[in-house]
Each structure stands twice: as C-alpha cells, then as structure tokens.
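The values are calculated or read from the model by the stated rules, or taken from the named source; none is laboratory data. Model, not experiment: these values are computed from the prediction. Ideal geometry is used to build each Cβ from the backbone, glycine not excepted, and the neighbour counts take in all protein chains shown. In case anyone asks, the SASA skips ligands and DNA or RNA and just uses the protein heavy atoms, side chains included. Shrake-Rupley method; radii C 1.70, N 1.55, O 1.52, S 1.80 Å.
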Amino acid sequence: MIGLPKTTEFNKRIPKQTFYENLDVSSMVKKFFVDQIRVIYWKNKIAPSTTNLAAGTNVTELQIFEIRLSGNELDESVLELIDKKIPYHILFLLEYEGKYQAWIGYKEASASASSVFKVWQYYHTEWMKEEELPVKVEGLNVDAVYENFVRQIAGAQLQQTEAGESLKETVERDAKIRDLKKQIAVLQTKIRKEKQLNRQMEMNKELKKLKKELQLL
C-alpha cells in the first residue's frame, strides 16, 4: 500500500459498526456507514517501532485506513467520527472500483487533553490509480511524514508563502482564504438582488475590502 515497508503492515479488518454501536451517533451518520461503506481495513501503522523514523513531538503514530466504498462518495462526517474514535493521526485511502482517493485531516491534540483530537479541515485527492496517488513517506520523523502527507494531498491549496511557515500557519491561512471566498460569494449575491443604489454602493465598498484582504493572503 503506497509503497510502505512490510514492517508497517497491520491488515486488520474493522467491523464498521464498531464506530457507531453504543455511541451517541446520529441516525444519519449511521446510515452513511451502512449505505456508503462495504468494509474498513486498518492497513498500516507508521511509527518508530515499525520504521526507521524517529519519534515525533506531535504525531506519535500515523495509521493508514483503507475504506472500500459501495459508491464513489463518502460523507465527511464518517471520517470525522473515525478520527474522533481513534486517538492517532490517520491517512484514509478510499477505494471504489479499483480507483483511490487519499484523504487526510489537519488533526491536533486538544490543549486540555492529549488523547482528545480536533480536525480542522480535510484535504483529498481526485480519484486515481493507487500508484498515481501523490503520497510518499518523506521526512526523518513521524511529525515530518504526517506534515508532508497533508501537503502532498492538499497540493496547491497548502502552498507555503514564505520559508519556515509551519503547517498549522498554512492551514490557518487556508481557512481564512476559504472564509473570505464564502463572504465574497454571499455579498456578490446580495449586491445582485439589492434594488437601492446607496445600499449597492455600501456593499460594493465592503466587497472591495474583502477582495483586498484575499489578495494579501
């Protein structure tokens, strides 16, 4: 799987109901598990014990999950639930009819409890052959491998704007960009619908301000 050494292989099938039975999970998310997923495999574990990588400061282990789908879509809430259930960083490989997508979330431990994680944002590739996935083990420790996985999968969406910019800083900037684009789209719709000229002028002024902010990021 994505060129990982045999020492990382785990190959354990996980019953999908493990993630929603006896848990406070909405009926809709349960339906996504039942309808959209055929089987889940815990394929690999990247850690100092399974590789020649040094331990990471923020990422102790990196798990690889293969999720074989019934169709070509999986609701993001499914990945969120698995990420909350598993206290490690996870690379998801979705498979459907021989094609793959790589998904990964920017995930970090809570300041109050190291075993509680928050996922800020998911990034994913298009559907492609397994050997075409832009996912390679690069780095000297598990932290670096994880950060490189996120950047490889996100591609141009997480380009560093300056040397030394951390992954967290890049993700935060990306979040601001996405938020500004949403605000701009909403405002443009309001301007098209507005009948009063003075209100149009006020909103156009705000629109220019938002676009200028976006250019600076």
Candidates LEU158, LEU180, filtered to the one that is at pLDDT below 90 and either in contact with a helix residue (DSSP H, G or I) (Cβ under 7 Å, 6 or more places away or on another chain) or open to solvent by 70 Å² or more (accessible area, probe 1.4 Å) (or both): LEU158
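What residue, of GLU162, GLU126, is more than 17 Å from the chain's Cα centre (by Cα), of a type in the set (Asp, Glu) and not in a helix (DSSP H, G or I)? If you could, list the steps in order and put the result at the bottom.
Values: GLU126 fails: more than 17 Å from the chain's Cα centre (by Cα).
Every option except GLU162 fails the conditions.
For GLU97, are the conditions met, namely being open to solvent by 40 Å² or more (accessible area, probe 1.4 Å), within 11 Å of the chain's Cα centre (by Cα) and under 29 Å from SER27 (Cβ atoms)? Break it down into steps so the answer makes sense when it comes.
On the way: open to solvent by 40 Å² or more (accessible area, probe 1.4 Å): yes; within 11 Å of the chain's Cα centre (by Cα): no; under 29 Å from SER27 (Cβ atoms): yes.
For GLU97, the condition - open to solvent by 40 Å² or more (accessible area, probe 1.4 Å), within 11 Å of the chain's Cα centre (by Cα) and under 29 Å from SER27 (Cβ atoms) - is not met.
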Residue pairs meeting the criteria (Cβ under 7 Å; at least 6 apart or on separate chains; first within 15 Å of TYR146 (Cα to Cα) and in a strand (DSSP E or B), in region 77-91; second among the small types (Gly, Ala, Ser) and modelled with pLDDT of 90 or more): LEU91/ALA102
Lone unmet requirement of (1) of a type in the set (Ser, Thr, Tyr); (2) modelled with pLDDT of 95 or more; (3) open to solvent by 60 Å² or more (accessible area, probe 1.4 Å) for SER114: (2)
Count of residues meeting criterion [buried (at least 17 other Cβ atoms within 10 Å of the Cβ) and touching a helix residue (DSSP H, G or I) at 6+ places or on another chain (Cβ under 7 Å)] in region 3-27: 3
Candidate set from region 23-48 (those that are at pLDDT 95 or above and more than 25 Å from TYR96 (Cα to Cα)); member that is farthest from the chain's Cα centre (by Cα): PRO48
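Test VAL119 against the criterion of being within 15 Å of the chain's Cα centre (by Cα) and either at pLDDT 95 or above or in a loop (DSSP other than H, G, I, E, B) (or both), and give yes or no.
Values: within 15 Å of the chain's Cα centre (by Cα): yes; either at pLDDT 95 or above or in a loop (DSSP other than H, G, I, E, B) (or both): no.
So VAL119 does not fit the description; no.
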